[in-house]
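Encoded as structure tokens, the structure appears first; notes follow it.
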Amino acid sequence: MTFWEDILKNQVLVTSVAGWLVAQVLKTIIDLALNKNFNPERLVGSGGMPSSHSSTVCALTTAASYRYGVGSFEFAVSFVLSMIVMYDAMGVRRETGKQAKLLNSLLLENPLKLNAEILQEKLKEYVGHTPLQVAAGAILGILLALFISQYY
């Protein structure tokens, strides 16, 4: 069997990648509709609606449950990974985005008279997710896994 045939026969991998890809495309379309301009960074960037992190890990977990059963090691590992990723997206990563927004506004005003080199690069503000974005990503990942499971 060839490398690509092996990859495409791996239900868990295909489902997980589809979860990420569909979420990133949806995120880009939603951003385009809201901001009226195309931002190519949205295709690969983090943050925004829906959470591609949540979509990916929920697709992974759902596919693992279908393929190996909920009593399996594979399901247990993917479930724990999903909980950590989604918790982190709403917690530390979201707070990092809030801090970046505040720092960017301070750097724009430059009250500390910092040199121009520091001010050149803006910090990324789209880092984490709201609970709604995480929930939307989780639902998307689960639905994609249910849909894709019909073909395996």
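Some observations on this one:
- Accessible carbon and sulfur surface of the stretch 30-104 relative to its total accessible area, %, 1.4 Å: 68 percent
- Ranked by solvent-accessible area (1.4 Å probe, protein heavy atoms only, all chains present), the residues Asp88, Asp6, Asp31 order from largest to smallest as Asp6, Asp88, Asp31.
- Against the criterion of solvent-accessible heavy-atom surface with a 1.4 angstrom probe, Ile142, Ile148, Ile7, Ile84 sort, most first, into Ile84, Ile142, Ile7, Ile148.
- R0 of 30 Å, Cβ-Cβ distance Tyr68-Val25: FRET efficiency to nearest 0.05: 0.60
The values are calculated or read from the model by the stated rules, or taken from the named source; none is laboratory data. Small disclaimer: the values here were computed from a predicted structure and weren't measured. A quick note on method: Cβ atoms are made from the backbone with ideal geometry, for glycine too, and the neighbour counts reach across all protein chains shown. Just so you know, the surface numbers come from the protein's heavy atoms only, side chains and all, with ligands and any DNA or RNA stripped out. Shrake-Rupley method; radii C 1.70, N 1.55, O 1.52, S 1.80 Å.
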